[in-house]
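**Student:** This structure is in structure tokens; I'll ask about it shortly.
The values are calculated or read from the model by the stated rules, or taken from the named source; none is laboratory data. Because the structure is a prediction, the values reported are computed rather than measured. Cβ coordinates were reconstructed from backbone atoms using ideal geometry, including for glycine residues, and neighbour counts include every protein chain displayed. Accessible surface areas use protein heavy atoms only, side chains included; no ligands, DNA or RNA. Shrake-Rupley method; radii C 1.70, N 1.55, O 1.52, S 1.80 Å.
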Amino acid sequence: MSFGKWFAALCLVLPFGIGCATADTAARPELDRFHHQRVDWRPCDQERLDEAGAQCTDVTVPLDYGRPDGQTTTVAISRIAAHPERKRGVMLSNPGGPGGSGLDFMVDVGAAMTPEVKASYDLIGMDPRGVGRSAPVRCDWPRGIGLQAAGPDAASFAASVASQAELAARCATAEGERLRHITTRNTARDMDVIRAVLDAERISYFGTSYGTYLGAVYTELFPDRVDRMVLDSAVDPERYGPVDMVRDMGPANEAALDLWADWTAGHERDYGLGATREQVRATVLELLRRSGEQPIRIGEFAVTAHELPLMLFTGLDDPRQYGMVAEQVALLRDAARGLPVAITPELEQGLAFVLSAEPEDNSAQMAIMCGDVDAPRDPLWYWNNLERSRTTAPVFGSFTDNITPCAFWAAPAEPRTVVGNSVPALIVQSTGDTRTTYANAEGMHRALSASRLVTLRDVPIHWIFGRYPNTCVYDAVNAYFRDGTLPESDITCAAD
């Protein structure tokens with residue numbers, strides 16, 4: 001028996017979804033009650049959505065698709081309706097994260113569409129399972145996010161290891177068995193239930209960042225259900241997860257820091273951070289050194305070397321934010337010197353996201369990544385990577401190479417999804433992306449062999465369509481959503 005036939009036979013005898021990363025395309029009568037449920041559309045009670053004329057509802061889905069007669073959960077979706085006489089389909093979406101709430105995401109994406117395209121689709125926003133209004137994961141964490149930097153030395157790394165282990169233990173205690181079902185594969189299955197509930201033969205899709213991986217997984221599980229798919233700022237499916245994908249961000253953010261340092265040096269009179277790239281970088285490194293010795297007190301927060309690289313990271317994904325980043329670095333520098341400073345709303349919001357568990361702890365991000373892909377368990381493996389990165393990525397290596405809660409997580413319930421198919425898709429990517437690097441988009445392009453790649457050259461931006469206007473990119477996306485025809489070849493766009 002050939003390997004392919006042997007593998008298919010093995011999948012037939014295993015419980016559904018356990019052990020076999022194959023397409024979920026076969027009809028499953030046990031899901032009929034989910035596919036044919038009636039939903040109650042109502043006002044969303046969210047300002048942006050209500051202003052856009054959207055309606056919201058909850059869709060019931062199995063918690064465990066291997067046991068569809070068991071426990072259920074709900075997925076919240078929104079709909080900005082197509083023009084009734086011009087509708088050609090429905091378009092689902094995801095804004096990334098993982099763990100990002102996407103209920104109002106299509107307000108931004110719809111604003112980038114031509115009136116003709118926007119009128120053609122029911123634009124569907126979604127809070128994926130475990131996120132936002134969809135029975136959110138709540139792990140009772142003492143801080144806002146699962147990722148952190150290791151700090152400057154072995155002692156700070158040991159503290160980070162203990163902290164990450166505690167986060168994983170809190171999730172296991174708070175959420176228990178449910179964590180095993182908060183995965184990308186199950187969210188893709190939820191999307192197909194939503195497709196059926198919306199009475200659509202196929203779905204179009206727009207995803208950015210992690211949302212590109214979710215879209216790619218859908219193409220693998222439900223290839224016959226895909227209409228027009230756009231993946232903006234793409235993840236390489238082979239590198240997705242809490243290790244490789246995050247490590248790719250180190251060099252990309254060091255390069256973006258150089259661009260920011262050049263810009264900031266040109267505004268030395270405004271921020272006083274240095275008159276050359278080297279001087280600005282030296283200011284940042286000195287700030288990192290100080291935060292490693294003693295927390296920097298600013299507002300209600302104490303910023304350490306575990307958090308400072310994240311503060312820089314969150315601002316470098318869009319060149320229009322360079323002034324904000326420079327202002328924040330200047331404030332932190334002054335606070336480190338003991339000078340009185342008034343914290344800005346933007347800095348306060350950023351610090352709250354990283355350091356505070358209110359209003360939520362963003363633990364869904366780790367739940368999804370750790371539930372999708374296993375991570376190395378040995379802290380020494382991470383320490384060796386950290387030591388090597390200190391020269392190549394002196395600011396961000398301690399963040400991107402650090403251990404995560406996934407090192408202490410239960411093993412995933414299913415194997416990672418191997419993406420490799422010829423479902424058509426349009427991939428959009430900037431060469432300077434700091435979150436999902438250009439090499440990641442090239443990996444997605446290889447995995448989806450019938451895809452086309454639209455490259456925005458020399459702009460360090462993450463998420464383009466709906467966030468960073470560019471005529472060439474916007475024209476390509478709108479033309480594809482309008483006509484359903486991919487470009488004959490890949491396209492390269494220059495900055496406007």
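**Student:** May I ask you to say which residue of 424, 415, 394 is part of a loop (DSSP other than H, G, I, E, B), over 28 Å from residue 280 (Cα atoms) and not assigned by the TED database to the domain that holds residue 98?
**Tutor:** So the residue among 424, 415, 394 that is part of a loop (DSSP other than H, G, I, E, B), over 28 Å from residue 280 (Cα atoms) and not assigned by the TED database to the domain that holds residue 98 is 415.
**Student:** Moving to a separate point now. Please verify whether residue 442 is of a type in the set (D, E, K, R) and not assigned by the TED database to the domain that holds residue 113, treating the condition exactly as stated.
**Tutor:** no
**Student:** Testing residue 246 on (1) modelled with pLDDT of 95 or more; (2) open to solvent by 60 Å² or more (accessible area, probe 1.4 Å), one condition comes back false. Which one is that?
**Tutor:** Single failed check for residue 246: (2).
**Student:** Next up: When you look at residue 17, is it at pLDDT 95 or above, assigned to a loop (DSSP other than H, G, I, E, B) and at positive phi, yes or no?
**Tutor:** no
**Student:** Please indicate, with yes or no, whether at least one residue in the range 431-439 is open to solvent by 40 Å² or more (accessible area, probe 1.4 Å), part of a loop (DSSP other than H, G, I, E, B) and small (Gly, Ala, Ser).
**Tutor:** no
**Student:** Only one of 153, 108, 127, 140 is closer than 18 Å to residue 360 by Cβ and out of contact with any strand residue (DSSP E or B) (no Cβ under 6 Å at 6 or more places or on another chain); which?
**Tutor:** None of the others qualify; the one that does is 140.
**Student:** Kindly indicate whether any position in the range 251-271 is buried (at least 21 other Cβ atoms within 10 Å of the Cβ), in contact with a helix residue (DSSP H, G or I) (Cβ under 9 Å, 6 or more places away or on another chain) and not in a helix (DSSP H, G or I).
**Tutor:** Looking through the range 251-271, none of the residues is buried (at least 21 other Cβ atoms within 10 Å of the Cβ), in contact with a helix residue (DSSP H, G or I) (Cβ under 9 Å, 6 or more places away or on another chain) and not in a helix (DSSP H, G or I).
**Student:** Follow-up question, since we're still on this one. Checking residue 418 against (1) in contact with a Pro (Cβ under 8 Å, 6 or more places away or on another chain); (2) more than 28 Å from residue 475 (Cα to Cα); (3) crowded, with 20+ Cβ neighbours inside 10 Å, which single condition isn't satisfied?
**Tutor:** The failed condition is (3).
**Student:** Quick check on residue 367: is it of a type in the set (Gly, Ala, Ser), within 17 Å of residue 188 (Cα to Cα) and not in a helix (DSSP H, G or I)?
**Tutor:** Considered against the rule, which asks whether it is of a type in the set (Gly, Ala, Ser), within 17 Å of residue 188 (Cα to Cα) and not in a helix (DSSP H, G or I), residue 367 comes out as no.
**Student:** Could I ask something else about it? If residue 349 satisfies all but one of (1) open to solvent by 60 Å² or more (accessible area, probe 1.4 Å); (2) among the polar types (S, T, N, Q); (3) within 27 Å of residue 277 (Cα to Cα), what's the number of the condition it fails?
**Tutor:** (3)
**Student:** Within the range 171-220, track down each residue that is open to solvent by 10 Å² or more (accessible area, probe 1.4 Å) and without any contact (Cβ under 8 Å) to a residue 60 or more places away in the chain.
**Tutor:** Matches in the range 171-220: 173, 174, 176, 177, 199, 201.
**Student:** Does residue 50 satisfy being in contact with a strand residue (DSSP E or B) (Cβ under 9 Å, 6 or more places away or on another chain) and within 14 Å of residue 76 (Cα to Cα)?
**Tutor:** No; evaluated as a whole, the condition is false for this residue.
**Student:** Tell me, yes or no, whether the range 328-336 has at least one residue that is surrounded by 17 or more Cβ atoms within 10 Å (Cβ to Cβ) and either over 21 Å from residue 292 (Cα atoms) or among the basic types (Lys, Arg) (or both).
**Tutor:** yes
**Student:** For the range 458-496, enumerate the residues that are assigned to a loop (DSSP other than H, G, I, E, B) and among the hydrophobic types (A, V, I, L, M, F, W, C). Let's see the steps before the verdict.
**Tutor:** Applying the first criterion (assigned to a loop (DSSP other than H, G, I, E, B)) to the range 458-496 yields 458-470, 484-490, 494-496.
Listed by number, the residues that qualify are 459, 461, 463, 464, 465, 486, 494, 495.
**Student:** For residue 212, state whether it is of a type in the set (Val, Ile, Thr), closer than 21 Å to residue 311 by Cα and in a helix (DSSP H, G or I).
**Tutor:** On the way: of a type in the set (Val, Ile, Thr): yes; closer than 21 Å to residue 311 by Cα: no; in a helix (DSSP H, G or I): yes.
No, not satisfied.
**Student:** What's the number of the condition residue 224 fails, among (1) open to solvent by less than 40 Å² (accessible area, probe 1.4 Å); (2) assigned by the TED database to the domain that holds residue 474; (3) in a helix (DSSP H, G or I)?
**Tutor:** Among (1) open to solvent by less than 40 Å² (accessible area, probe 1.4 Å); (2) assigned by the TED database to the domain that holds residue 474; (3) in a helix (DSSP H, G or I), residue 224 violates only (1).
**Student:** Just checking, does the range 306-321 include any residue being closer than 17 Å to residue 150 by Cα, open to solvent by 40 Å² or more (accessible area, probe 1.4 Å) and of a type in the set (D, E, K, R)?
**Tutor:** The answer is no; no qualifying residue exists.
**Student:** Among the residues of the range 125-149, write down those that are in contact with a Gly (Cβ under 9 Å, 6 or more places away or on another chain) and β-branched (Val, Ile, Thr).
**Tutor:** If the condition is that a residue be in contact with a Gly (Cβ under 9 Å, 6 or more places away or on another chain) and β-branched (Val, Ile, Thr), then 131, 137 are the ones that fit.
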